[in-house]
Amino acid sequence: MATRSRTRKSSISRASTPLSANSTSSSKAPSTSSSSTSLSSMALVNEKSGKPLLDTYGNEFELPDFTIKQIRDAIPAHCYKSSTLRSLSYVARDLALVSSNFYAFKFHIIPALAEYHPAARFAAWGVYSFLQGLFCTGLWVLAHECGHGAFSPSKTVNDLVGWVLHSSLLVPFWSWKISHGKHHKATGHLERDMVFVPKSREEYSRRYAGGIGHDIAELTEETPIATLVHLIGQQLLGWPLYLINNVTGHPYHERQSEGRGIGKRNGWFGGVNHFDPRSPLYESRDAKWILLSDVGIAVAMYFLYQAVQIWGLANMAIWYFCPYLWVNHWLVAITFLQHTDPSLPHYHPEAWTYTRGAAATIDREFGFIGRHLLHGIIETHVAHHFVSSIPFYNADEATEAVKKVMGKHYRSDTEGGPAGFLRALWRSPRWCQFVEPSEGAEGEAKGVVFFRNRNGLGVPPASQEKTVPRDLFEKKGPIVQVAEVSDSE
């Protein structure tokens, strides 16, 4: 497959494509050091074997040569400035879309179909819920802006608007804000990241090969129907399960610095969730914000209960709960595809830095829906991870500046536009099932891992006899906050 252009709007970046059959990779000496803000410009190779690290597509992985300071300095100063009035105008616009959509279907479109077969009205309400889900996801994204302080220069405005919008969508605002901030400070870190932390080869083997063997090498290809069932479950239930059970979050809660995670685990009744002030996702100082988040959810649920009493559960299921499921779908799809791609690395603690993690994200393209209804959250995610306080309406300009610094290390998958985005939702779970180091990795190279799969796609997993299991809990004591950089620094 020929390497494609890296033009952002019309093609997929080189970093996100397989190597051509005739491509070759040259071995280069590994960097001797890396700081929290600087990455080696040389390809990281295995210290003893001299083999280059390969992503899932077979591309040779190279660490970028830019610094976080270069990224920030390259972004025009005005991109950092937010406008309360402009941000509120987008809230007003999205609320108008939500209201107009409801009014149009409830009082015009559905009555006009009264004489038709009930299937016509069913289909019309399906269109309503799809559109309402998009408009409400737009509101969710604006609350996301509030959580990053990008909505307004005023912290009070950010907190108030974010709390109201997220609560109306059954999201615990401050609880999410705090854990999401930790995600940004540890993106791509296998022991500290807060969402879509990939399974190691050992974890995947225990889950899927435990009944028939001891390693993924003893598994056959996952059937497409199994992938589909998993994908449907992820898209329908992934978001609430993340809030309730910390699904896809890291499991290292016993290392929480205050000892709040002792005896707690992800999963049902494990004590790790976004609603309990005692959760190890938070520190003691966060308790009041978790409780305020819970109050917001309680108020929203009270109004929903009253609405059900007045208009009935069937009507509310159509008007609110079906669109709510669409919101869940879009949130999970967006986040999953921002951090899961065959071209992306992840890092063990000894190899991770803030800049490496921020660079391990990918931009995609979702056309008019993504750029306008969803406020560009899909198309400008890479820049957002370097500087999350930039308001979304300045993110395109910031992205162009960031791309000039990142060069070939900027990752995007824009081929096919919206259709390509949806195809990636199928491709990623097929290609990206677990992570492991490149075969023969030694030294620092063992700390850089890439997606592999049991489906015969891309670079095959390392042969079983050459793998050295890494004990997931070999490092004891509290998690050390190493090499992290916040937007304010």
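Output the residues belonging to the range 235-249 that are surrounded by fewer than 20 Cβ atoms within 10 Å (Cβ to Cβ) and not hydrophobic (A, V, I, L, M, F, W, C).
Listed by number, the residues that qualify are Gln235, Pro240, Asn245.
Residues being surrounded by fewer than 23 Cβ atoms within 10 Å (Cβ to Cβ), of a type in the set (Lys, Arg) and touching a strand residue (DSSP E or B) at 6+ places or on another chain (Cβ under 9 Å): count how many of those fall in the range 357-405.
1
(1) modelled with pLDDT under 95; (2) part of a loop (DSSP other than H, G, I, E, B): which one isn't true of Lys446, the others all being true?
(2)
Going by the structure shown, is His78 over 30 Å from Gly417 (Cα atoms), surrounded by fewer than 12 Cβ atoms within 10 Å (Cβ to Cβ), of a type outside the set (D, E, K, R) and modelled with pLDDT of 95 or more? Step through it out loud before you land on a result.
Details: over 30 Å from Gly417 (Cα atoms): no; surrounded by fewer than 12 Cβ atoms within 10 Å (Cβ to Cβ): yes; of a type outside the set (D, E, K, R): yes; modelled with pLDDT of 95 or more: yes.
Here the answer is no, as His78 does not meet what is asked.
Yes/no matrix, rows are residues, columns are (1) closer than 30 Å to His346 by Cβ; (2) over 26 Å from the mean Cα position of the chain (by Cα); (3) at pLDDT 95 or above; (4) not in a helix (DSSP H, G or I):
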{"position": "Tyr90", "(1), (2), (3), (4)": "no, no, yes, no"}
{"position": "Leu95", "(1), (2), (3), (4)": "no, no, yes, no"}
{"position": "Phe107", "(1), (2), (3), (4)": "no, yes, yes, no"}
{"position": "Ile110", "(1), (2), (3), (4)": "no, yes, yes, no"}
{"position": "Trp125", "(1), (2), (3), (4)": "no, yes, yes, no"}
{"position": "Phe135", "(1), (2), (3), (4)": "no, no, yes, no"}
{"position": "Trp140", "(1), (2), (3), (4)": "yes, no, yes, no"}
{"position": "His144", "(1), (2), (3), (4)": "yes, no, yes, no"}
{"position": "Asp159", "(1), (2), (3), (4)": "no, no, yes, no"}
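Look at the range 399-429 and say how many of its residues are touching a helix residue (DSSP H, G or I) at 6+ places or on another chain (Cβ under 8 Å), part of a helix (DSSP H, G or I) and not basic (Lys, Arg).
14
When only residues in the range 320-335 that are among the hydrophobic types (A, V, I, L, M, F, W, C) and out of contact with any helix residue (DSSP H, G or I) (no Cβ under 7 Å at 6 or more places or on another chain) count, which is farthest from Phe450 (Cα to Cα)? Step through it out loud before you land on a result.
Here is the first cut: in the range 320-335, the residues among the hydrophobic types (A, V, I, L, M, F, W, C) are 321-322, 325-327, 330-334.
Adding the requirement that they be out of contact with any helix residue (DSSP H, G or I) (no Cβ under 7 Å at 6 or more places or on another chain) leaves 321, 334.
Details: Phe321: 38, Ile334: 20 Å.
Step by step, filter the range 320-335, then rank; the result is Phe321.
Ser168 versus (1) farther than 20 Å from Leu88 by Cα; (2) open to solvent by 20 Å² or more (accessible area, probe 1.4 Å): which is the lone unmet condition?
The failed condition is (1).
Criterion first (within 14 Å of Trp174 (Cα to Cα), open to solvent by 20 Å² or more (accessible area, probe 1.4 Å) and of a type in the set (S, T, N, Q)) does Asn266 satisfy it? Talk me through it step by step, then tell me what you get.
Values: within 14 Å of Trp174 (Cα to Cα): no; open to solvent by 20 Å² or more (accessible area, probe 1.4 Å): yes; of a type in the set (S, T, N, Q): yes.
Considered against the rule, which asks whether it is within 14 Å of Trp174 (Cα to Cα), open to solvent by 20 Å² or more (accessible area, probe 1.4 Å) and of a type in the set (S, T, N, Q), Asn266 comes out as no.
Inspect all residues belonging to the range 379-395 and state whether any of them is more than 28 Å from Val91 (Cβ to Cβ) and part of a helix (DSSP H, G or I).
Residues of the range 379-395 more than 28 Å from Val91 (Cβ to Cβ): none.
No; the residues of the range 379-395 include none that is more than 28 Å from Val91 (Cβ to Cβ) and part of a helix (DSSP H, G or I).
Looking at Ser200, Ser154, Ser175, which one is touching a residue at least 24 places away in the same chain (Cβ under 8 Å), surrounded by fewer than 23 Cβ atoms within 10 Å (Cβ to Cβ) and within 19 Å of the chain's Cα centre (by Cα)? First the steps, then the outcome.
Numbers: Ser154 fails: within 19 Å of the chain's Cα centre (by Cα); Ser175 fails: surrounded by fewer than 23 Cβ atoms within 10 Å (Cβ to Cβ).
Sole residue among the options that is touching a residue at least 24 places away in the same chain (Cβ under 8 Å), surrounded by fewer than 23 Cβ atoms within 10 Å (Cβ to Cβ) and within 19 Å of the chain's Cα centre (by Cα): Ser200.
Identify the residue in the range 121-149 that is of a type in the set (Gly, Ala, Ser) and surrounded by 15 or more Cβ atoms within 10 Å (Cβ to Cβ) and, among all such residues, is nearest to His329 (Cα to Cα). Let's see the steps before the verdict.
Quick first cut of the range 121-149, residues of a type in the set (Gly, Ala, Ser) only: 123-124, 126, 129, 133, 138, 143, 147, 149.
Now drop any that are not surrounded by 15 or more Cβ atoms within 10 Å (Cβ to Cβ), which leaves 124, 129, 133, 138, 143, 147, 149.
Details: Ala124: 20, Ser129: 12, Gly133: 9, Gly138: 13, Ala143: 17, Gly147: 20, Gly149: 25 Å.
That would be Gly133.
The values are calculated or read from the model by the stated rules, or taken from the named source; none is laboratory data. Note that the structure is a prediction, hence the values are computed from the model and not measured. Reconstructed Cβ throughout: ideal geometry from the backbone, glycine too, with neighbour counts over all protein chains shown. Please note that ligands, DNA and RNA were not included when accessible areas were found on the heavy atoms of the full protein model with its side chains. Shrake-Rupley method; radii C 1.70, N 1.55, O 1.52, S 1.80 Å.
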